[in-house]
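Asks: Below are the structure tokens for one structure; questions will follow.
Values quoted throughout were computed directly from the atomic coordinates according to the rules given, and no laboratory measurement underlies them. Because the structure is a prediction, the values reported are computed rather than measured. Here the Cβ is made from the backbone with ideal geometry for all residues, glycine too, and neighbour counts use every protein chain on show.
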Amino acid sequence: MSARIARRAVALSAVLAGVAVGPAHTQQIEVQQPAADQAQQPPVPANQGQAPQSPLDPLQQKQLARDKRIMTEIVVTATGRPIDATRFAGTLQVIPQERIANSTAKSVTDLLAENAVGFMSEWSAGQTSINIRGASTEGQGRDFRSQILILINGHRAGTANVSKLSIADVERIEIVRGPSSVVYGSQNMGGVINIILKTGRTAPGTFVEAATGSWNLLQGRLQRGEVLENFDYYLGVQGGMQSNYSVGGGSAEYNTAWNRAGGSGAFGYAFDDNNRVDVLVRTDGIYDAGFRGSSANLFSTDLSRFNRSIDVTYNGKSPDGRMSLMFQAYYVQDVDDLDQPQPTSTASAASGRTTLDRNRRQLDIVGTRFQPGVKPFEGNNLIVGADWERSWIRSDRYRAGGFAVAQLSPTDNNQTDNTFGFYIEDAQNFFDDRVVVRGGLRQSFGTTALDVTPNAPTLIPGSFNYGALTYAVGATYKVTDWLSTRVGAASGFRAPTATELGANFTTTSGGNVIFGNPGLAPETSQQVEAGATLSWLGFRFDSAIFQNIISNRIQSVVQRTVGANTISQYQNNGANIVVQGLEFQLDADIIRNLQLNVPETWRWTVFGNGYYFFKMTDYGAPAAALTDMATRINQYEASIGTKFGQEGTKLPWNLQIIGMLRGPMWYNTEERLSPIYFPGQVTSTTVYQKAPFWIWNMRGEVEVYKGLKLFGAINNIFDQNQHPIFIALDTDVCGANRALQNASCGNSMPGRNFVVGFQFRF
């Protein structure tokens, strides 16, 4: 065993720091030659001091590839240039294809939660809340209110509601924690989540999958990828459906059924070794889904949320590699088409009955990015860039019954946005490429216009301008071949929306008024961090300590009360949210690390991700909250998994077990929980603590014929009745009375469930 380890170490030493892929806007995942700003290792003379070595057999080649992946993560950084994880002055987390393929996740939300990316809460199908390092998205997934930037192939996804996105066509997901890049403008206060889709180069061949499971689950996908000399293509279609699920203990959770459908096509052409064009078209969404949460009932059963995009990307470089150019153009459409009548009388609002409540919200985006690069001298890599984006939000809400015909909330308005920005970033290597120093600046400009909106006569059209200067600086130091360290500081922002700047909105009840504030400043974040990566054959451990300060939060503040009605205005909260914490990532090949004397066919790996916040203070929390803990964020979270099995046998197999630990968290409830079942929990201003909990999943597969695999999974093995956010849990008593189902019972996660299916690859 020791001889094999030594042999592989020699083979690895020449490639450790030279693995890279194309920039974030491409779909390329293949290994390329090292970039100029990456560490270059001197070649190791073959067989120096040793007897000649025999060629590696297929199993050894697989192991070598696994070692390279663990030793040097292949990442697409948010800096828009290729670099390995140890050369970036920020914290990167990658969910690779292998991890995705072994997941039972039904959406991107499930996958991110399974890998402890941050706080994840799926209220109902197609509605997600996210929090990373204290920055958050809202449950409705409104993109412009998000403090976390969601990308698809390097451009804005148009939604923060990742539950509507399937994992079927996803090649990998890369998470940049914090505002560590100047390439992107508004919304990257907590980080960037870049979803990279499959291409003909990354997913060649034909792949078929079908599965069934608990609660009438049916899902399937068909994919085909091929490389034809200079041309490659990928085509994929997927769909699924599920009935209402049951919570832990067996109670039915009404309004949780869904249908899913989508597909993608990727087409690439290489003119030569230095010039390439990629085209991607895609659509994805959840249809005919129900809704649960703070203000809807069991009759909200016709909710459709979908996201579509097309992008064209050119990547080129000069023959000597000193100059490069990237250009990308894209179009995105994101739609929430909702039908939410409330024809029954509820315990809390007998007058709140509606016979009709239709709301269609559509976001359209067109944008471009132009990014040239140059290497003016040895060890230097300079990029400059400019981007432009125009977006239109059109919302038409028609509500009738207990309320007058009107828009329901000030966020249901029409608006038009124009944004553009310029950025520059330089990287310089020192001391035989062991030290890399990076720095960048970005100037962002924007104009947002509040447009005429149907059924909202009190909204006053107007246009507003804003701007922000952000920075990112840092350095990495490769102490040894197995230890790298980093330090960095960066800033981010979220621009105010047209609603926040100029709302002047009267609610449907006829009395509550919300005023916009044209003097609002952008929300901002300031981050510092330090980290280290330890890697050796079959082992990688990354840790980081950080502080993120979120300032100028935009909130609706009550100015005065007139009878039973309130008059509010959007304002910047002068008090900060301060989050300090420790993060970790782990990948380990146990057999190789412990040098276990077992047959070559055996595999055993351990992996994990997690964080612990030793400070999460909201200095602007209202006095009624009775705590200054930041809400809707786990104090700690971890995902720990192990996978073992055999390869190269007659019946290759593996078994994977993952445990997910979720926090304590503090929750400012919106439900006005029924005093019948939750005594004392009747206000919307009191913050309650939700206790931590574990969820365990298991998945196994066996290859019964070449390319044909059978798989099965058990999710929530111990039948926990929990939810990441809601304190209230569904009960048989509440479920029996639909009139009390209007948020009085909250929400709960799926109980124990089973999935079986097959995969065929050829």
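Asks: Among the lysines, which have Cα under 24 Å from the Cα of Lys106 when same-chain residues fewer than 8 positions away are ignored?
Replies: Lys164, Lys198, Lys643, Lys709
Asks: Shifting gears a bit: Using a Förster distance of 25 angstrom, determine the FRET efficiency expected from the C-beta separation of Asn275 and Ile310, and round it to 0.05.
Replies: 0.75
Asks: With θ set to phi - 60°, apply the Karplus curve 6.51 cos²θ - 1.76 cosθ + 1.60 along the stretch 754-762 and write out the HN-Hα couplings as whole Hz, x wherever there is a Gly or Pro.
Replies: 10, 9, 9, x, 9, 10, 10, 10, 8
Asks: Let me ask another. Under 5 Å between amide H atoms, partner at least 5 residues away or on a different chain: which partners does Phe515 have, H built in plane at 1.01 Å?
Replies: It is Asn504, Phe505, Ser568, Gln569, Tyr570, by chain and number.
Asks: For Leu356 paired with Tyr398, estimate the spin-label separation in nm (one decimal), with each label point 7 Å from Cα along the Cα-to-Cβ line.
Replies: According to this spin-label approximation, the distance is 0.5 nm.
Asks: Counting other beta carbons within 10 Å of each Cβ, put Phe762, Phe420, Phe119, Phe464 in order, fewest first. Mind dumping the intermediate values first?
Replies: Working: Phe762 9, Phe420 17, Phe119 23, Phe464 20.
Going from least to most buried by this count: Phe762, Phe420, Phe464, Phe119.
Asks: Can you compute 3J(HN,Hα) from phi for each residue in the stretch 98-108, using the Karplus curve 6.51 cos²θ - 1.76 cosθ + 1.60 with θ = phi - 60°, rounded to whole Hz and x for Gly and Pro?
Replies: Along the stretch 98-108, the couplings run 4, 5, 5, 5, 9, 9, 9, 4, 9, 8, 5 Hz.
Asks: With a point put 7 Å past each Cα toward its Cβ, work out how far Met323 is from Ile590 in nm, to one decimal.
Replies: Here the modelled spin labels are 5.5 nm apart.
Asks: Under 23 Å between alpha carbons, and skipping anything fewer than 8 positions from Lys317 in its own chain: which lysines qualify?
Replies: Qualifying lysines at Cα under 23 Å: Lys375.
Asks: Per residue of the stretch 237-245, what does 6.51 cos²θ - 1.76 cosθ + 1.60 with θ = phi - 60° give for ³J(HN,Hα)? Whole Hz please, x for Gly and Pro, Karplus curve as stated.
Replies: 10, 8, x, x, 7, 8, 7, 3, 8
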